[in-house]
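J.: Quick one: structure below, then a few questions.
The values are calculated or read from the model by the stated rules, or taken from the named source; none is laboratory data. Since the model is a prediction, treat every value here as computed from it, not as a measurement. Here the Cβ is made from the backbone with ideal geometry for all residues, glycine too, and neighbour counts use every protein chain on show.
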Amino acid sequence: MSTEATASVSTHILDTSIGRPAAGVAVTLSARTGPGAEWVPLGDSSTDADGRCKDLPALPRGTTGVRLVFGTEAYFLTQQAEAQQDAPANRDSGAGPVFFPEVAIAFAVVPGEHYHVPLLLNPFGYSVYRGS
């Protein structure tokens, strides 16, 4: 039996357009065991009021790649609806289709390492990095 440790993953989202955590964003975690292998969905979560997913599933042994898919469309549609309620005179300022309906981030992992991957998000751009 192998004593090889598995990698672990955590994430959080900050909406930089409002300077607050992005709550209620759906997140799907998938993994694969090599460059040519198929992505296997491991589970879904949603960000809490602090923009964090605290219940992402563990990665299986042999995982070499991870993909996080953030369902940003529903989040931005909710943000647009709330903005319209707060300022009905500015209805045209944010209305329309969501530019990034989802954000998919794939990265390599090494057994035994922890990967914290924050997403900095706004309606027309995003950035990710390996955090600590």
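J.: Does the range 117-128 hold any residues that are surrounded by fewer than 14 Cβ atoms within 10 Å (Cβ to Cβ) and either in contact (Cβ under 8 Å) with a residue 40 or more places away in the chain or not polar (S, T, N, Q) (or both), and which are they?
T.: Correct list: F124, G125.
J.: Could you grab me the full set of residues in the range 102-122 that are in a loop (DSSP other than H, G, I, E, B) and closer than 18 Å to G34 by Cα?
T.: V109, V110, P111, G112, E113
J.: Considering the range 42-101 alone, what residues qualify as being within 16 Å of T16 (Cα to Cα) and at pLDDT below 80?
T.: A83, G94 - these are the residues of the range 42-101 that are within 16 Å of T16 (Cα to Cα) and at pLDDT below 80.
J.: Scan the range 45-61 and give yes if some residue there is closer than 22 Å to L120 by Cβ, more than 12 Å from the chain's Cα centre (by Cα) and part of a strand (DSSP E or B), otherwise no.
T.: No: the range 45-61 contains no residue that is closer than 22 Å to L120 by Cβ, more than 12 Å from the chain's Cα centre (by Cα) and part of a strand (DSSP E or B).
J.: Just the residues that are surrounded by fewer than 18 Cβ atoms within 10 Å (Cβ to Cβ), under 15 Å from L119 (Cα atoms) and not β-branched (V, I, T), please, taken from the range 15-48.
T.: Within the range 15-48, S17, G19, R20, P21, A23, G24, A26, S46, D48 meet the criteria.
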